[in-house]
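For reference, the structure discussed in these notes is given below.
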Amino acid sequence: MSSTTDYEYQPRTRSGRIANFVDTRAGVSPMVKEFGRKIFPDHWTFMFGEVALYSFVILLLSGTFLAFWFDPTMTSLEYHGSYVPMQGVEMSGAYASTLNISFDIRGGLFLRQLHHWSALMFVMALSVHMLRVFFTGAFRRPRELNWVVGCVLFLLAIVAGFSGYSLPDDVLSGNGLRIADAMLKAIPVVGTYMSMFMFGGEFPGLAIIGRMYIAHVLIIPALILIMIVVHLFMVVVHKHTQYPGPGRTENNVVGFPVGPVYAAKAGGFFFIVFGILALLAGTTTINAIWNYGPYDPSPVQAGSQPDFYMGFPDGALRLMPGSWPFSWEFTIFGWVLPMAILLPLIPIALLFVAMFAYPWIERWVTKDNRVHNVLDRPRNAPFRTAIGAAAVTFYAVQMMAASSDLIATHFHVGLNDVTYWLRAAYFLGPILAFIIARRMCLALQRKDREIVLHGRESGRIQALPHGEFVEVHEPLDEYKRYRLVDFEDYQVQPARANAKGKVTGMEKMRGRLSRWYFEDRVAPVTPQELEAAHGHHDDHEAVGAGSHKAQLDK
Amino acid sequence: MKALSQKRRHPLAVLALLVMALLLTGGLYAVATTTNEAKAETTTYSAQDIEEGQKLFLANCSTCHGLNAEGTEAGPSLIGVGAASVDFQVGTGRMPMQMQGPQAQVKPEQFNEEQTKQLAGYVASLGAGPAIPEDEYLDVTKGDSANGAKVFLANCAMCHNAAGAGGALTRGKYAPSLMGVDEAHIYEAMQTGPQNMPVFNDANITPEEKRDVITYIKALDNNTDPGGFNLGSLGPVSEGLMIWSIGLAVVIGFTVWLTSRSA
Ligand code: HEM
């Protein structure tokens with residue numbers, strides 16, 4: 001914080017005096033000064049965090065409105081509201097009040113839909129934001145902890161969505177709870193106890209909606225809020241990252257100050273997000289609970305799916321064979337282990353652990369512990385991009401599996417065939433994605449090299465006096481070239497002996513991983529190479545042979 | 001009470017009990033069969049209908065169902081399936097079947113109402129079976145959609161989806177969407193259980209309840225989507241696709257626009 005100014009400011013107008021009164025007591029202006037002069041670089045990929053933040057604000061607003069009318073009880077009553085097809089049906093207070101919000105409260109359906117669309121937008125924006133951070137390497141030192149906070153936010157968002165989805169007590173939300181109950185019960189030894197604890201007795205009981213409600217409107221939003229504050233605080237402390245470019249170094253940030261230009265843009269952006277969501281909520285149905293009917297543990301409906309962010313565990317369960325090639329239920333010391341449920345959850349748990357730990361994993365493999373404020377373009381970190389592509393594919397296959405029945409009916413293929421194909425994709429997809437993403441990155445890097453050394457292909461053909469035709473290459477300007485050559489050139493760090501002169505098993509593994517990460521690489525163009533290329537501008541051969549670094553090992 | 005408990009041991013008591021039991025079961029049976037038979041053979045087919053029907057049958061159906069509808073390798077016996085089954089299968093265009101597959105496909109009907117009636121009459125003449133439902137049980141103004149919702153969600157939604165949008169079954173079979181299906185065909189589907197659908201006979205779901213179900217399905221059909229576009233009534237999957245396609249595209253559009261006038 002900067003020190004306060006010495007001279008006493010004398011406001012002349014009345015509003016000025018009020019403002020000054022508040023300021024001298026609340027100390028706002030130093031904060032504005034500090035915060036308002038933060039520099040925020042402009043790039044569209046930097047805005048998804050904001051989209052998530054604004055969606056969250058809209059969730060708070062619309063959720064508060066819903067809370068005025070929502071009744072989180074499970075005691076049953078007979079419906080007499082204005083939705084005709086359900087009149088006289090027995091249902092819980094929760095379901096009836098959601099029907100009331102939808103059909104009898106002015107603007108209720110709009111706000112329900114706004115709340116739910118905002119929930120989808122929130123999780124989507126959060127996911128895209130995380131992908132941006134991952135693929136540009138923004139999680140590296142000093143931002144590792146903020147990556148962890150982001151991962152916690154991602155988990156909290158999923159839990160928030162799931163708890164909200166469970167509230168209306170329609171058949172879909174009950175099915176979701178039923179699966180959650182089954183997963184809990186599958187945990188060896190403590191599972192049944194945990195399920196009884198959560199539901200206050202046998203599933204479904206009469207307690208769960210009330211408990212979910214407190215979690216949904218109080219505990220989880222409060223946790224999310226705290227995490228957002230911590231997250232933003234760290235962003236301010238660390239300053240923003242930036243893409244490589246002329247004049248951009250590890251020690252500066254190039255962009256607009258937050259105030260006034262950026263703040264105005266951001267404020268406007270809030271209303272844009274609000275507008276998009278309001279348009280969706282006003283025109284497009286979401287969670288038509290009146291179709292699903294009140295929850296009753298016996299019927300299961302075709303097309304029962306969770307919201308997309310809960311799709312991956314559901315899909316994993318659908319992919320797991322139940323009794324092939326043998327029954328997956330084992331009994332050990334009298335405890336039943338339903339592996340058909342547990343087994344598919346293990347890779348998901350590992351994926352999440354790896355997500356939290358990734359900054360440290362990468363640091364360990366690369367031995368790169370430096371501060372990074374300049375981002376990687378994804379192509380310039382082929383190993384990381386490939387790992388990310390594999391993880392996304394793994395996640396996406398499971399998410400797709402959650403809609404296997406709809407894929408079957410809509411593309412006129414057999415449900416069993418869809419499952420077989422997705423099972424194959426579950427194992428092969430990530431490997432293929434890894435290989436393809438990596439090859440694409442290397443190819444793009446080589447293209448960049450070409451462009452730096454020879455300029456852009458202009459499409460103009462020139463006939464030389466002796467009859468040869470050549471294409472004219474336009475040299476790059478200084479600024480564009482900078483973007484293409486300024487990147488980290490990681491090299492294989494072979495295993496080394498430690499202080500005692502011993503190469504540990506761990507270190508050997510690290511060495512192998514490092515080779516796997518970096519043995520194929522394309523180095524940035526060095527000034528000498530550039531010099532050489534410009535020296536013999538027309539002689540393409542000479543350049544190709546001279547740049548030994550451009551050669552790939554394979 | 002005392003007197004009654006003493007007379008219990010009277011030799012004629014057993015006889016009296018037997019008579020009472022017989023009367024009860026007989027009466028119940030009579031009631032049960034009349035409800036089942038209530039509509040049997042209400043639509044009468046003239047001899048000419050049946051004759052015309054037989055001609056149509058020989059020309060169009062006998063290759064698979066046999067010359068006397070006794071069944072072949074390629075199609076089941078139709079003896080005793082009743083007029084309702086024919087009206088459903090032919091009226092929805094499933095029969096004559098076009099190609100063997102997991103399930104007969106719906107296609108534009110090949111026969112007009114008159115011909116369908118003749119075919120139904122012919123098949124009904126081969127053996128007693130469920131008849132075409134009476135109009136009374138198809139009149140949705142008399143149905144109770146709340147009860148229909150209950151019956152539908154308990155019996156049909158697991159295959160046909162809560163909103164009647166349809167769903168997948170194993171190995172390429174599927175339960176079709178129920179939107180826009182004729183009242184009579186809904187009734188007949190429940191009564192005859194076409195292909196992979198179970199039969200819901202009148203003991204399972206009474207004719208009145210069937211009418212309630214039809215009322216509910218028609219209410220869904222006529223629903224004016226209070227929430228706006230229904231995205232195919234496919235639930236969270238289409239909602240997720242919506243946000244990840246159009247939602248994301250619009251947001252990206254705005255972010256690019258906002259950052260286009262950059263430093
Ligand atoms: C933190 C992010 C939040 C997420 C992701 C979220 C998500 C959801 C979802 C998916 C539903 C189901 C909506 C539906 O019926 O279709 C829901 C319902 C509900 N939410 Fe939230 N919500 C969040 C925060 C809040 C907050 C802060 C409040 C209140 C202060 C709130 C209050 C409610 C209420 C009362 C319902 C039940 C009413 C209904 O289902 O119509 N939510 N929420």
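The values are calculated or read from the model by the stated rules, or taken from the named source; none is laboratory data. Every value quoted in this text rests on a predicted model; they were computed, and no experiment measured them. Note: ideal-geometry Cβ built from the backbone for every residue, glycine included; neighbour counts use all protein chains shown. What goes into the accessible areas is simple: the full protein's heavy atoms, side chains included, and nothing from ligands, DNA or RNA. Shrake-Rupley method; radii C 1.70, N 1.55, O 1.52, S 1.80 Å.
Would you please give the FRET efficiency between A:Glu202 and B:Ser46, computed as 1/(1 + (r/R0)^6) with r the Cβ-Cβ distance and R0 = 60 Å, to the nearest 0.05?
Values: r = 61 Å, r/R0 = 1.02.
With a Förster radius of 60 Å, E is 0.45.
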At q = 0.15, 0.17 Å⁻¹, work out log10 I(q)/I(0) for the range A:318-429 with the Debye formula, treating every Cα as an identical point scatterer and leaving solvent out; two decimals please. -0.84, -0.95
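Could you tell me what percent of the accessible area of the protein assembly as shown is made up of carbon and sulfur, with a 1.4 Å probe and every protein chain present?
Details: 27060 of 41790 Å².
For the protein assembly as shown, the apolar C and S fraction of the accessible surface comes to 65 percent.
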Can you give me the pair-distance distribution of chain B, C-alpha pairs, 5 Å bins, whole percents? 1, 5, 9, 13, 13, 12, 10, 8, 6, 5, 5, 4, 3, 3, 1, 1, 1, 0, 0, 0, 0, 0, 0
Cα pair distances exceeding 34 angstrom across the range A:61-291, given as percent: 29
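Only Cα pairs under 8 Å and at least 6 apart count here; give the relative contact order of chain A as a rounded whole percent.
Working: 682 pairs, mean separation 83.2, N = 554.
Contact order relative to length: 15 percent.
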Rounded accessible area of B:Phe111 (nearest 10 Å², 1.4 Å probe): 30
If the chain between A:Arg439 and A:Thr283 were fully stretched, how many nm would it gain, using 0.36 nm times the residue separation less the Cα-Cα distance? 51.9 nm
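Quick one: length gained pulling A:Val261 to A:Leu131 fully straight, 0.36 nm per residue minus the C-alpha distance?
Details: separation 130, 0.36 × 130 = 46.80 nm, distance 2.72 nm.
Between A:Val261 and A:Leu131, full extension yields 44.1 nm more.
Could you order peptides B:192-203, B:81-92, B:54-65, A:139-150 by the average number of other Cβ atoms within 10 Å of their residues, highest first? It would help to have the intermediate numbers written out before the result.
Numbers: B:192-203: 15.5, B:81-92: 25.0, B:54-65: 17.4, A:139-150: 19.2.
Highest mean packing first, the order is B:81-92, A:139-150, B:54-65, B:192-203.
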³J(HN,Hα), Karplus 6.51/-1.76/1.60, whole Hz, each residue of the range B:58-68, x for Gly, Pro: 4, 6, 10, 10, 5, 4, 9, 9, x, 5, 10
Phi-based couplings in Hz for the range A:353-359 (Karplus 6.51, -1.76, 1.60; Gly and Pro marked x): 4, 4, 4, 4, 8, 4, x
Per-bin percent of Cα-Cα distances, the protein assembly as shown [20 Å]: 12, 34, 31, 17, 6, 1, 0
Check which residues have an amide H placed less than 5 Å from B:Tyr174's amide H, if you skip close sequence neighbours. B:Leu169
I'd like the distance between the alpha-carbon centres of the range A:59-91 and the range A:270-295, rounded to an integer number of Å. 17
Can you list the residues, at least 5 places off or on another chain, whose amide H is less than 5 Å from the amide H of A:Phe40, using H built in the peptide plane? A:Phe256, A:Val258
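When N is the residue count of the range A:366-494, what does its C-alpha Rg come to as a fraction of 2.2 N^0.38 Å?
Details: Rg = 22.2 Å, N = 129, 2.2 N^0.38 = 13.9 Å.
That ratio works out to 1.59.
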With a Förster radius of 35 Å, plug the Cβ-Cβ distance of B:Ile246 and A:Lys480 into 1/(1 + (r/R0)^6) and report the FRET value to the nearest 0.05. 0.55
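Which sequence of A:Ile228, A:Ile219, A:Ile361 reflects their accessible areas, 1.4 Å probe, from the largest down? Walk me through the numbers on the way to the answer.
Working: A:Ile228 25, A:Ile219 85, A:Ile361 60 Å².
Ranked list, largest accessible area first: A:Ile219, A:Ile361, A:Ile228.
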Around A:Gly210, under 14 Å between beta carbons, what's the net of Lys plus Arg minus Asp minus Glu among the other residues? -1
How big is the range B:133-224 along each principal axis, measuring the range of its Cα positions in Å and listing the largest first? 39, 32, 21
If R0 = 41 Å, then B:Ser260 and A:Trp364, at their Cβ-Cβ distance, give a FRET efficiency to the nearest 0.05 of 0.55
Taking the Cα centre as origin and putting +1 on Lys and Arg beta-carbons and -1 on Asp and Glu beta-carbons, what dipole magnitude results for the range B:162-260, to the nearest 20 debye? 420
Modelling each spin label as a point 7 Å along the Cα-to-Cβ direction, I'd like the A:Leu145/A:Phe469 distance in nm, to one decimal. 6.4
Read phi for every residue in the range A:312-324 and hand back ³J(HN,Hα) as whole Hz from Karplus 6.51 cos²θ - 1.76 cosθ + 1.60, θ = phi - 60°, with x for Gly and Pro. 5, x, 4, x, 4, 5, 5, 6, 5, x, x, 9, 10
